[in-house]
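No value in this document is a laboratory result; all are computed from the given coordinates. As the structure is a computational prediction, the values presented were derived from the model and not from experiment. No Cβ is skipped: glycine too gets one built from the backbone with ideal geometry, and neighbour counts run over all protein chains shown.
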Amino acid sequence: MRGDWPQIIDQSLAGLRRGEFAAVRAVLEPLAGQESPAPIWLLLADARRGLGDDKGEEAALDAALAADGRFLPALLAKGDLLLRRGDDRAAVSFFGLALSSAPSDPPPPLAQRLRDAQAKVAAAQQRFAAHLDQQLRSAGLPDQRPPRFAEALDILAGTRAIQIQQPTSFFYPGLPQLAFHDPADFGWAEAFAAQAPVIRAELSALLADDHAFAPYVQGDSMRANRGHALLGDPRWSALYLWKNGAPVAENAERCPATMRALSAVPMPRIPGRAPNVLFSLLRPKTHIPPHWGMINTRLICHLPLIVPERCRLRVGNHERTVEQDQLLIFDDSLEHEAWNDSDEVRVVLLFEIWNPALSADERAALTAMFGCIGSYGEG
């Protein structure tokens, strides 16, 4: 019988297309058993659905999935059946497994069914979110909800993803998963931000030099090229005041007020590695795509100096409008991206500080460790 399966499947498909549901069921039911492949059970389910046999359809789909738990057409059909019954949560479970198991380049008919499944999942999530909101209002919860609670609801409803630290080079456990930090929590921040006008004046002189800035993302023949969208692209450019732990003398000399202001900032001091301080320039209509920073033991600070309208920064699930002279402190080991949707350049002073959750002993240990890493491979 196994050798006859392809012929039986082809004949059954032809019968289903002609609407001969009873005839197809009559052929398949005697053949359906433990040794039957998943497609036979799926065709039997189709025939039973055509005859209005809801329970029979479900039994056949369950048998198909027992034969092959990741048989995409059966997963999609089971999701559709549950959706017809009004069981969104169960339907989303089957649609979700189908979508996560799908090949990257499915054949056109399956691709369309997968797109339909995505739309059905999105609609179910919207219904769930509306239900949850209505019930919470009925329970007396006001519209203004705690931000973390509101984010958790969005994740529960499927409208936001879980965002966690994913540094590309080094992960330190136990640090808070906090996208943006409040500058008011840092004793040096207010006085530093107040220096923005004098820092901006020094920046203006640098901007007059057409050759001062270079593309931020540089290729390195000793490192694999990960295909960054802005590799070697001057639309995202930088001018360094400190690089890999040492001042860039010719640039630092042109920015004495900026260097004095930075002296009060608790930047990591790691020979050959930190601090790094730069003016980051983003040209008009430029998007820095989502990416992660290298380590989670630091935070990144932006002092926006030249900021037209329509400049944004997203970190994790949180998006902020970039405002001139308003310091932003964030964890770049979370996924982040930036936009300059204006017709003018945007420039921020970018520098790094220790993650404040690290103790003095931990900072000392990390400084020693990073130094050891830097010496690896030296003669």
Going highest first, how would you order 106-114, 156-164 by mean Cβ packing within 10 Å? 156-164, 106-114
Quick shape check on region 152-255: root eigenvalues a ≥ b ≥ c of the Cα gyration tensor, a/c under 1.5 is rounded, otherwise prolate if a/b tops b/c, else oblate, and it reads oblate
Estimated vicinal HN-Hα couplings, Hz - region 19-34 in sequence order (Karplus 6.51, -1.76, 1.60; Gly, Pro = x): x, 8, 5, 5, 5, 5, 4, 4, 6, 7, 4, x, 8, 6, x, 4
Restricting to aspartates and glutamates and to Cα separations under 20 Å from Lys285, and discarding same-chain partners fewer than 8 apart, the set is Asp210, Asp233, Glu309, Glu319, Glu323, Glu337, Asp341, Asp343, Glu344
Contact order normalised by residue count of region 2-126, Cα under 8 Å, 6+ apart, percent: 16
Distance in nm between label sites at Gln144 and Ser375, each 7 Å beyond Cα in the beta-carbon direction? 5.6
Report, ordered by chain and residue number, the lysines lying within cross-link reach of Lys55, taken as a straight Cα distance under 26 Å and ignoring same-chain residues fewer than 8 apart. Lys78, Lys120
Once the Cβ-Cβ distance between Ala22 and Ala161 is put in as r, and R0 is 56 Å, what FRET efficiency do you end up with, to the nearest 0.05? 0.75
As an exercise, find the ratio Rg/Rh for the chain from alpha-carbon atoms, using the Kirkwood inverse-distance average for Rh. 1.14
List the residues of region 312-334 whose backbone N lies under 17 Å from a point placed 7 Å from the Cα of Glu362 along the Cα-to-Cβ direction. 330-334
Based on alpha-carbon centroids, what's the gap between region 307-379 and region 250-284 in Å, whole number please? 13
Relative contact order (%) - criterion: Cα under 8 Å, at least six apart; region: the chain: 13
How would you rank 71-81, 340-350, 193-203, 179-189, highest first, on the average number of other Cβ atoms within 10 Å across their residues? 71-81, 340-350, 193-203, 179-189
Region 140-168 residues near the modelled Gln177 label - backbone nitrogen below 14 Å, point 7 Å along Cα→Cβ: 148-149, 151-156, 160-167
Most packed first (mean Cβ within 10 Å per residue), the peptides 120-127, 36-43, 325-332 order as 36-43, 325-332, 120-127
Report, in deg cm²/dmol and to the nearest 500, the calculated mean residue ellipticity at 222 nm for the chain, where each DSSP H run with n ≥ 4 adds -39500 (n - 2.57) and the sum is divided by the residue count. -13500 deg cm²/dmol
For region 59-190, just say rounded, prolate or oblate: build the C-alpha gyration tensor, square-root its eigenvalues into a ≥ b ≥ c, call rounded for a/c under 1.5, and beyond that prolate if a/b exceeds b/c, oblate if not. oblate
Integer Hz, Karplus 6.51/-1.76/1.60 couplings in order for region 52-62, x for Gly and Pro: x, 8, 5, 5, x, 4, 4, 4, 5, 5, 4
